[in-house]
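This report refers to the structure that appears directly beneath it.
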Amino acid sequence: DGLGVTECNDGIDNDGDGLVDWQLDPGCHGKGDTSEKAQPRAQEQGWSTFDPEPTSKVIFVSAQGGDDKNDGSSPQKAVKTLAKAQSLVRDGEYDFMLLKRGDTWKNETFGRFKSGRDAQHPLVVSSYGSSTARPRLEVGKNIIDHNGKARSFTALLGLQIVAAKKLVGHPDYDGSTGATIRYVGGGDGLLLEDLHLLHCEIVVQSYGGMTYTNVEVRRNVIDTNYH
């Protein structure tokens, strides 16, 4: 493919975190990345990358091949549902929830979700696997809804989120019911990057005496949302 051999496609765990190449390592922005170690955006072609720490929990999720009886600790032990994965990551910690590329989840959401540790160590929702198709989340309501509460330090990266009830031809289509990433409440350090939002929107609204600070919405495609 003309990229040459790099640390993110050489089959070696170059940074010693137990995660190999772009298929598994969130320190790689793609197979052409020259380092498995996460670096500043200026050295990652503008993308955000993260390195799990030894104390981080990395939970793998596969809608097609997972089983909620598993512990999610490896692709071979992936859990199946978002609810199970969310129960395994910890509130206030630098944990990772990696969804298998090319898989589809239907009518599953994160609810209010949890918070990460701090701005440099967020709770990361990203992807894994050899497919180049984003994990696809087909929802009939808000994928995340803070609903008047405070949540901080999360990063959503590389997902496709579909408002199924606005998708013509979908079994749940009604043409009017929307779905969003709904941050209504307060929080700090929220990152939305490399998302494909089909018929969805993003709402950020400080509420109830709380405020949102340091919200980054970058390098996303918001595709044909309508009211």
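What to note about this one:
- Computed helical MRE - 222 nm, the chain, DSSP H runs ≥ 4 contributing -39500 (n - 2.57), nearest 500: -1000 deg cm²/dmol
- Above-threshold pairs, the threshold being 18 Å between Cα atoms, out of K37/K100; K84/K149; K100/K141; K77/K100; K141/K165: K37/K100; K84/K149; K100/K141
- Inter-site label distance for D172 and T224 at 7 Å from Cα along Cβ, in nm: 1.8
- Average accessible surface area per residue within the chain, 1.4 Å rolling probe, Å²: 45
- Taking 4.7 Å between C-beta atoms as the pairing limit, the chain has these partnerless cysteines: C200.
- Look at (i) 19.4, 67; (ii) 17.1, 53; (iii) 16.8, 49: the one that is Rg and Dmax of the Cα atoms in Å derived from this structure is (ii).
- With θ taken as phi - 60° and the Karplus curve 6.51 cos²θ - 1.76 cosθ + 1.60 applied, the whole-hertz 3J(HN,Hα) list for segment 44-60 is 10, 6, x, 8, 8, 10, 9, 10, x, 8, x, 8, 6, 9, 10, 10, 9 Hz, x standing for glycine and proline.
- Magnitude of the charge dipole, segment 151-227, Cβ model with Lys/Arg +1 and Asp/Glu -1, debye to 20: 80
- Mean projected area of the convex hull spanned by the Cα atoms of segment 77-161, taken over all viewing directions: 5.5 nm².
- Taking the square roots of 5 times each eigenvalue of the Cα gyration tensor of segment 95-141, largest first, gives ellipsoid semi-axes of 21, 16, 6 Å.
- The string of couplings for segment 122-127 from the Karplus curve (6.51, -1.76, 1.60, θ = phi - 60°) is x, 7, 9, 10, 9, 9 Hz, one whole number per residue in order, with x for Gly and Pro.
- Packing, as the average of other Cβ atoms within 10 Å across residues, places the peptides 210-216, 108-114, 57-63 in the order 57-63, 108-114, 210-216, highest first.
- Percent carbon-and-sulfur accessible area, the chain, ignoring ligands, DNA and RNA, probe 1.4 Å: 47
- Taking amide hydrogens as placed 1.01 Å from N in the peptide plane, the amide H of H121 sits under 5 Å from that of no residue at least 5 positions away in sequence or on another chain.
- Residue-wise HN-Hα coupling along segment 64-75, computed from phi with Karplus coefficients 6.51, -1.76, 1.60 (Hz; x: Gly, Pro): 8, x, x, 8, 5, 7, 7, 9, x, 7, 7, x
- In summary, segment 104-203 shows an alpha-carbon radius of gyration equal to 1.08 times the 2.2 N^0.38 Å reference for compact globular proteins.
- Residues whose amide H comes within less than 5 Å of that of Y94, counting only those at least five positions distant or on another chain, are R117 (H built at 1.01 Å from N in the peptide plane).
The values are calculated or read from the model by the stated rules, or taken from the named source; none is laboratory data. These numbers come from a predicted model, not from an experiment. Cβ coordinates were reconstructed from backbone atoms using ideal geometry, including for glycine residues, and neighbour counts include every protein chain displayed. With ligands, DNA and RNA removed, areas are computed over all heavy atoms of the protein, side chains included. Shrake-Rupley method; radii C 1.70, N 1.55, O 1.52, S 1.80 Å.
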